[in-house]
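Asker: Pasting in a structure now, in structure tokens, and then I'll have a few things to ask.
The values are calculated or read from the model by the stated rules, or taken from the named source; none is laboratory data. The structure displayed is predicted, hence computed values, not measured ones. Every residue, glycine as well, gets a Cβ built from its backbone with ideal geometry; the counts of neighbours run over all protein chains shown. Heads up: the accessible areas ignore ligands, DNA and RNA and are worked out on the full protein's heavy atoms, side chains in. Shrake-Rupley method; radii C 1.70, N 1.55, O 1.52, S 1.80 Å.
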Amino acid sequence: MSVQMFTSCVAFFNILNELNDYAGQREVVAEEMAHRVYGELMRYAHDLKTERKMHLQEGRKAQQYLDMCWKQMDNSKRKFERECREAEKAQQSYERLDNDTNATKADVEKAKQQLNLRTHMADENKNEYAAQLQNFNGEQHKHFYVVIPQIYKQLQEMDERRTIKLSECYRGFADSERKVIPIISKCLEGMVLAAKSVDERRDSQMVVDSFKSGFEPPGDFPFEDYSQHIYRTISDGTISASKQESGKVDVKTTVGKAKGKLWLFGKKPKPQSPPLTPTSLFTSSTPNGSQFLTFSIEPVHYCMNEIKTGKPRIPSFRRHALEDFSHLPPEQRRKKLQQRIDELNRELQKESDQKEALNKMKDVYEKNPQMGDPGSLQPKLAETMNNIDRLRMEIHKNEAWLSEVEGKTGGRGDRRHSSDINHLVTQGRESPEGSYTDDANQEVRGPPQQHGHHNEFDDDFEDDDPLPAIGHCKAIYPFDGHNEGTLAMKEGEVLYIIEEDKGDGWTRARRQNGEEGYVPTSYIDVTLEKNSKGAVTYI
């Protein structure tokens, strides 16, 4: 069954679909980034880290070699310096002994040999120091002009390669974004088209069609001339005669079956009912136009009988009302019946297709017994035939109800001035203006039923508009409400009570949005309003 949706809701769903596609493109970009950008950068960063570590290690080795050369040069320098001081001391000692007249020739010769030895050692250390100095200077020049520049050049080249890689990754990111731009543009265009598809007129018309009741506006109130008993000699052409002729207009009909319904701008005004006479008669019209007397009884006695006999009949009426949607307004009832007929027709088509398939299979089995037993298909075929008959009966019944609703809608203007029926209203019963009166001495005139099977009980339920709230309730347990006519509720949800439990374990409730249905009495905590005019007490 296709469900009509507001264009704003359809546009919102379309935008969500476009957003889903948009998010999918973002996922594509993320995957591209993970593989081409992030993953590549992580691998390249690891390689760069290893290469940089190698270059730094080479620089440390070059620095260590230069330090070693400097130490060798420094050691040779210290040794040369020390030997020079020793040679200077040996020379001073030789000169002192040579100038000393008391020194022996042997001492002088010994001092001379020591001087020559020290001088020779100083010359050797001088040559070694000069060689080490020259070597250090060469290594230092090589270190600062060849080795270290080469290492810095390698580090520079490595960093340049890193920069180039970053540039490639940036370009890869831009390319991944550029690839999805056409699809994202289409998504955005789809969102704009979805926004432009919103039709406020169509949405308003859908609301009107959804809540169209089929009721007509109330008619004019008749003039009630209270001076007719004073001016008894006035001719028939006076206004009192007009009142008598127009007095047959039903008060209950003129209020448009408003039964306490809350309008958008407040409660509907309630007309006053004429006083009830103790000897009022309940009459009904036959198809040939004659009227017959149903009963003539005192109001109190009738009230007690109505209360006693009304209780066992209410559950059966409730089931019937839920089945034919008579509790709904005419237009809504017509839509519900049409939807049910469409569903039944689809089910009937399925059963018919299944019957045709079974018959074909049965023919095949009869022609080729080795493929199967034709008798094994007989139970399923009989079940399918029963389902077809049942669905046809349901369709016929619902079509009759639909014809009745369409007939009522078309002929409503002709029935507005039908014959009157005096209806007794007692305490706890419903008044025509939509409230419940406490006055037992009131009388209401109502139109007769147009059905062939008319009884006094149907008059109490001929209105399809929502009943006034007589209290509220709170759901103690959740209720699914899968059955037709029931109302689903969540735990802790607050609902309006429009009918109390009548002994069958079900209470009629209504949400704030107007949705009505029956809920289990044991599942709710009921709080009734003591002063509510809609309160009904069933004994």
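Asker: Among the residues of the range 136-158, is any within 30 Å of Arg36 (Cα to Cα), open to solvent by less than 60 Å² (accessible area, probe 1.4 Å) and under 60 Å from the mean Cα position of the chain (by Cα)?
Answerer: Checked the range 136-158: at least one residue is within 30 Å of Arg36 (Cα to Cα), open to solvent by less than 60 Å² (accessible area, probe 1.4 Å) and under 60 Å from the mean Cα position of the chain (by Cα).
Asker: Right, here's the next one. From the set of residues in the range 80-109 that are polar (S, T, N, Q) and in a helix (DSSP H, G or I), which is most open to solvent (accessible area, probe 1.4 Å)?
Answerer: Step by step, filter the range 80-109, then rank; the result is Asn99.
Asker: Just to be sure, is Leu188 in contact with a Phe, Trp or Tyr (Cβ under 9 Å, 6 or more places away or on another chain), over 30 Å from Ala34 (Cα atoms) and in a helix (DSSP H, G or I)?
Answerer: No, not satisfied.
Asker: Another question about this same structure. Identify all residues within the range 22-56 that are closer than 24 Å to Glu157 by Cβ, without any contact (Cβ under 8 Å) to a residue 12 or more places away in the chain and among the hydroxyl-bearing types (Ser, Thr, Tyr); write none if there are none.
Answerer: Across the range 22-56, the qualifying residue is only Thr50.
Asker: While we're on this one: Determine if the range 65-78 includes at least one residue that is of a type in the set (Phe, Trp, Tyr) and open to solvent by 50 Å² or more (accessible area, probe 1.4 Å).
Answerer: For the range 65-78, residues of a type in the set (Phe, Trp, Tyr) and open to solvent by 50 Å² or more (accessible area, probe 1.4 Å): present.
Asker: Look at the range 499-513 and say how many of its residues are open to solvent by less than 40 Å² (accessible area, probe 1.4 Å), within 18 Å of His327 (Cβ to Cβ) and modelled with pLDDT under 90.
Answerer: 2
Asker: Of everything in the range 361-372, what is more than 13 Å from Thr384 (Cβ to Cβ) and in a helix (DSSP H, G or I)? Give them in sequence order.
Answerer: Those that are more than 13 Å from Thr384 (Cβ to Cβ) and in a helix (DSSP H, G or I): Asp363, Val364, Tyr365, Glu366, Lys367, Pro369, Gln370, Met371.
Asker: In the range 182-192, which residues are open to solvent by 60 Å² or more (accessible area, probe 1.4 Å), closer than 20 Å to Phe6 by Cβ and in contact (Cβ under 8 Å) with a residue 24 or more places away in the chain?
Answerer: None; the set is empty.
Asker: Read through the list (1) among the hydrophobic types (A, V, I, L, M, F, W, C); (2) surrounded by 13 or more Cβ atoms within 10 Å (Cβ to Cβ); (3) closer than 30 Å to Asp209 by Cα, then give the number of the only condition that Val28 fails.
Answerer: (3)
Asker: Could you identify the single residue in Leu358, Leu322 that is modelled with pLDDT of 80 or more, part of a helix (DSSP H, G or I) and not small (Gly, Ala, Ser)?
Answerer: Answer to the check: Leu358.
Asker: Sticking with this one: Looking for something open to solvent by 50 Å² or more (accessible area, probe 1.4 Å), over 29 Å from Lys212 (Cβ atoms) and assigned to a loop (DSSP other than H, G, I, E, B) - is there at least one such residue anywhere in the range 519-527?
Answerer: no
Asker: If you take the residues of the range 203-215 that are surrounded by 13 or more Cβ atoms within 10 Å (Cβ to Cβ) and either touching a strand residue (DSSP E or B) at 6+ places or on another chain (Cβ under 7 Å) or charged (D, E, K, R) (or both), which of them is modelled with the highest pLDDT?
Answerer: Asp203
Asker: Answer yes or no: is there a residue in the range 110-132 that is assigned to a helix (DSSP H, G or I), touching a helix residue (DSSP H, G or I) at 6+ places or on another chain (Cβ under 6 Å), over 24 Å from Gln72 (Cβ atoms) and charged (D, E, K, R).
Answerer: Yes, there is a match, as at least one residue in the range 110-132 is assigned to a helix (DSSP H, G or I), touching a helix residue (DSSP H, G or I) at 6+ places or on another chain (Cβ under 6 Å), over 24 Å from Gln72 (Cβ atoms) and charged (D, E, K, R).
Asker: So the check is Cβ under 6 Å with 6+ separation or different chains; which pairs have a first residue in the range 391-404 that's farther than 17 Å from Lys350 by Cβ and a second one that's assigned to a helix (DSSP H, G or I)?
Answerer: Filtered contacts from the range 391-404: Asn398/Leu337; Asn398/Arg340; Asn398/Ile341; Trp401/Asp324; Trp401/Leu337; Leu402/Leu337.
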